[in-house]
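Contents: one structure, followed by commentary.
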Amino acid sequence: FARAWERGKSAGEVGQQPTLDPKRWAVVYLGSGLKGKNHPDLLTSELVCVNKASEATKAPEEKLEGIVLLDGTWSQAKTLWWRNPWLLKLRRALLIPKKPSLYRHLRKEPRKECVSTLESAALALSALGEPPAVATRLEETFAELLKRYQQFRTVRVAEINAKAAARKASATKPE
């Protein structure tokens, strides 16, 4: 599943143009494979433009019209990306998070720098010059979602443990 953001468009308008210039769009992916790290001036952002060899490059002169975020596990996203010819034509933007994911206590990630799709969107939009309030709101919403999920999970585990204890108690009662 792909999510797209297009500068100046509402969610309903994204992708309705008959043709999109792939040079004006970027696909975002995780940046542990960055090559050419000898260009520290290019690595100041959490989103770095790279060439097809995964070497850091200068940001394009013209602003991007939009970004594509592939939603799923990082492995699924990589597979989807490599199997879609249009996505392969897009610029590449490497995500290099400076802080760990909010997911880190709830879900095991394949690498410590993995973040959720929502966190990826917040980082990318911030790096592309959107107002900081946009990323902050996305991060706050995600934190609230995770808080509610944790509360649900705690209640659910307690219910399961109570049922297991009741079954064990009834199994050990003499008849």
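The values are calculated or read from the model by the stated rules, or taken from the named source; none is laboratory data. Here the structure is a predicted model, which is why all the values come from computation and not from measurement. Just so you know, the surface numbers come from the protein's heavy atoms only, side chains and all, with ligands and any DNA or RNA stripped out. Shrake-Rupley method; radii C 1.70, N 1.55, O 1.52, S 1.80 Å.
Just the accessible area per residue of region 44-175, please: how many Å² with a 1.4 Å probe?
Computed with neighbouring chains in place, this is 67 Å² per residue.
Kindly identify region 101-163 as rounded, prolate or oblate by the Cα gyration tensor criterion: order the square roots of the eigenvalues as a ≥ b ≥ c, call it rounded if a/c is under 1.5, otherwise compare a/b with b/c, prolate if a/b is larger, else oblate.
Oblate, since a/c reaches 1.5 and b/c is not below a/b.
Past 32 Å, Cα to Cα, is the threshold; run Lys112/Lys168; Lys23/Lys147; Lys112/Lys147; Lys23/Lys99 against it and keep the listed order.
Lys112/Lys168; Lys23/Lys147
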